[in-house]
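Only one structure is covered here, and it is reproduced in the block below.
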Amino acid sequence: MSSRWDEVKRIPIDEVAQRLGVPLSRRAGMRCPFPDHKDKNPSFSIDRKKNLCFCHGCGRGGSVIDFASIITGKSSSEVVSWLSQSIRQSKTSSHQYSRIAPAEEPETEDAQCVANPAIFDHFASLCPPAERGQQYLLNRGISEHTQKSFRIGFIGNSDDVLKRLLSKYGTAALVSCGLIFPDKAPELVFPSRSLLVPFVTGGEIVYFQSRSISNSTRRWMGLNGVRKLIFNQDAVSQAKNIYICEGVTDTLSATEMGLTAIGLTGASTTFSTNLLRSMRSKTAYIIPDNDEAGKAMEARVTALFRRAGIQFVVQRVPHGKDLNDYLVWRKQK
Ligand SMILES: [Zn+2]
């Protein structure tokens, strides 16, 4: 896997940008090309020697993989498979590369997976909570009550679950909602022995993440080709103070502490215009992890909230690396 990633990282950033339809300026400064950053000053810098980019306005950037992932809203691994495919194509022919459309474009001709709440609901019903999963979360300070309120399930044997889904819906429907990979023998994107976390919006399940309790290389998994969402975003309408955390576990931890929280699920998660609008009447408490990724998250979210006119406070986790560490520590005291 790593050699494919390295190969992709060496594709010149100008070439990647070209393929994405966002050509980069050769001059010293340019405006940030990321879709949700309305950059008024030229904040974007490109280091062509190191093949890296960085926006001083929104704090995002990195390798060409990060770049393409932010532009398209797709996960790093999707971007890598797309780009490595283009490398192979360009070796055999000099034709135009297939272009993946930026996430903000409403309709695309490319096969893009979309959420299917009916299938998702059935899938969730095939994965009821199990003691192993509940115990895992209890050990991390998340009570059964909180687990239940988030409808957290458990995938015991993913092959069994897949068989039942296939017999009801068939392969094509499962591919098109991101539950199985398109180019392999049918395989559920979520591994066995995983917690199943539904993302509910407007009362419907529109996304899933799984958290393996045994497989350390596929720890967190998401749907294939479906845009990543913010976790627990329905909670925003109910509260005056909203805590902005990193990921599912910290969101559950905040809830356990009696706070109303939403969770960002990686650098490419974007706030919808509606969500930003509804946040304007609230105060946001941003809780970055105490590490490098946390710093990047803080820069990104504070820049976004400043532009969107949202009141915010950055709050440090008082103890440990993240909110969950803190919760566990607090409960042990
Ligand atoms: Zn930017």
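The values are calculated or read from the model by the stated rules, or taken from the named source; none is laboratory data. Remember, it's a predicted structure, so these values are computed and weren't measured experimentally. So basically every Cβ, Gly included, is an ideal-geometry build from the backbone, and we count neighbours across all protein chains shown. Side chains are part of the model used for accessible areas, which takes the heavy atoms of the whole protein and leaves out ligands, DNA and RNA. Shrake-Rupley method; radii C 1.70, N 1.55, O 1.52, S 1.80 Å.
At H56 and D291, where each label point lies 7 Å from the Cα along Cα→Cβ, what is the point-to-point distance in nanometres?
2.9
Label R307 and D160 with points 7 Å out from Cα along Cα→Cβ: what is the distance between them in nm?
The modelled label-to-label distance comes out at 4.8 nm.
State the extension gain, in nm to one decimal, for the chain segment bounded by K331 and H122, taking 0.36 nm per residue of separation less the distance between their alpha-carbons.
Computed gain between K331 and H122 is 71.7 nm.
Given labels modelled 7 Å from the Cα in the Cβ direction, how far is it in nm from F181 to H319?
According to this spin-label approximation, the distance is 4.3 nm.
Dividing the Cα convex hull volume of region 117-246 by residue count, how many Å³ per residue is that?
Spread over its residues, the Cα hull of region 117-246 gives 117 Å³ apiece.
Using Cα positions and a limit of under 20 Å, work out the lysines in reach of K321, with same-chain residues fewer than 8 apart set aside.
K295, K331, K333
With +1 on each Lys and Arg Cβ and -1 on each Asp and Glu Cβ, how big is the dipole of region 233-332 about its Cα centre, in debye rounded to the nearest 20?
The dipole of region 233-332 has a size of about 500 debye.
Under a GNM of the chain (C-alpha, springs under 10 Å), which listed residue has the highest mean-square fluctuation: H37, H122, H56?
The residue with the greatest mean-square fluctuation here is H122.
What accessible area per residue comes out for region 2-92, rounded to a whole number of Å², with a 1.4 Å probe?
On a per-residue basis, 51 Å².
Just the number: Rg to Rh for the chain, Cα atoms, Kirkwood Rh, two decimals.
Reported Rg/Rh, Kirkwood definition of Rh: 0.96.
Between A235, A254, A267, where does the largest GNM mean-square fluctuation fall for the chain, given springs only between Cα atoms within less than 10 Å?
Greatest mean-square fluctuation among the candidates belongs to A235.
Regarding region 263-331, what whole-number volume in Å³ per residue does the convex hull of its Cα atoms give?
Value for region 263-331: 92 Å³ per residue.
Determine the sum of side-chain charges near T269: Lys and Arg each +1, Asp and Glu each -1, restricted to other residues whose C-beta is under 11 angstrom from that of T269.
Counting the neighbours of T269, the net charge comes to +1.
Specify the residue with the greatest mean-square fluctuation among N232, N41, N274, computed from a Gaussian network of the chain linking alpha-carbon atoms under 10 Å apart.
N274
Report the charge-dipole magnitude of region 157-300 in Debye, nearest 20, computed about the Cα centre from +1 at each Lys and Arg Cβ and -1 at each Asp and Glu Cβ.
In total the dipole reaches around 320 debye.
Please report the carbon-and-sulfur percent of the accessible area for the chain; probe 1.4 Å, protein heavy atoms only, DNA, RNA and ligands left out.
After summing per-atom areas, the C and S share lands at 49 percent.
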